[in-house]
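Accompanying notes for the structure given below.
FYI, it's all coordinate maths here, none of it is from the lab. For clarity, every value in this text was computed on a predicted model and none was experimentally measured. FYI the Cβ positions are ideal-geometry reconstructions off the backbone, even for glycines, and counts take in every protein chain you see.
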Amino acid sequence: MTLVRVEAPGVVTSDDGRRFVVLAVPDGLRVVDAVCPHNRGPLEQGWVRDGGVLVCPWHWYRFDLDTGECATSPQHVLGVHPVREIDGVTYADVGDPPRELSWSERLRAHARE
């Protein structure tokens, strides 16, 4: 488990260098991965619609901010991270860094796309 302190909408970076976007929605804050899972678009430049849908600025893919599900393309799921308060400070649990893929795993993943 990796906790990242969040205070207001914007971009935060974990100690291991991963970037996340903090978004304001009617019932609080949401923290998501900073890049679109479709084509790595900069989600900090996206916009929130309908109180809980993030739209990527590059190809307008729409992601549910509660589940990460993509209405535009179901195989693309956005990382959504739980937000909680500990001793009066708000944190997001961004999990552990992803395992680095081997060269053959990257080739297979690319071939599936």
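How about segment 26-113: which trypsin sites (Lys or Arg not before Pro) there are in a DSSP loop, with at most 14 other Cβ atoms within 10 Å of their Cβ?
Arg40, Arg99
With 10 angstrom as the radius, rank His59, His81, His76 by how many other C-beta atoms surround their C-beta, starting from the fewest.
Fewest-to-most Cβ neighbours within 10 Å comes out as His59, His76, His81.
Please report, in cubic angstrom per residue, the volume enclosed by the convex hull of the alpha-carbon atoms of the chain.
Cα convex hull per residue, to the nearest whole number: 104 Å³.
Neighbour counts of other C-beta atoms within 10 Å: give me Leu3, Leu107, Leu78 arranged from fewest to most.
Leu107, Leu3, Leu78
Just to check I understand the Karplus step: with θ = phi - 60° and J = 6.51 cos²θ - 1.76 cosθ + 1.60, what whole-Hz values come out for segment 50-56, glycine and proline as x?
Result, ordered by residue: 6, x, x, 10, 9, 10, 6 Hz.
How far is helix 103-112 tilted off the main Cα axis of the chain, in degrees rounded to 10, range 0 to 90?
Once rounded, the angle reads 90 degrees.
Let me see the P(r) profile for segment 60-103: every Cα-Cα distance counted, bins of 10 Å, each bin given as a percent of all pairs.
Result returned by the calculation: 24, 33, 33, 10, 1.
Using only helices, what value at 222 nm comes out for the chain when you add -39,500 (n - 2.57) per DSSP H run of length 4 or more and divide by the total residues, to the nearest 500 deg cm²/dmol?
-2500 deg cm²/dmol
What is segment 40-113's relative contact order, in percent, from Cα pairs under 8 angstrom and six or more apart in sequence?
Result for segment 40-113 is 14 percent.
Check each of the chymotrypsin sites (Phe, Trp or Tyr not before Pro) in segment 6-95 and keep only those in coil by DSSP with at most 15 other C-beta atoms within 10 angstrom; list them in order.
Answer in residue order: Trp58, Trp60.
Take the alpha carbon atoms of segment 1-37, find their center, do the same for segment 48-113, and report the distance between the two centers in whole angstrom.
Segment 1-37 and segment 48-113 have Cα centres separated by 11 Å.
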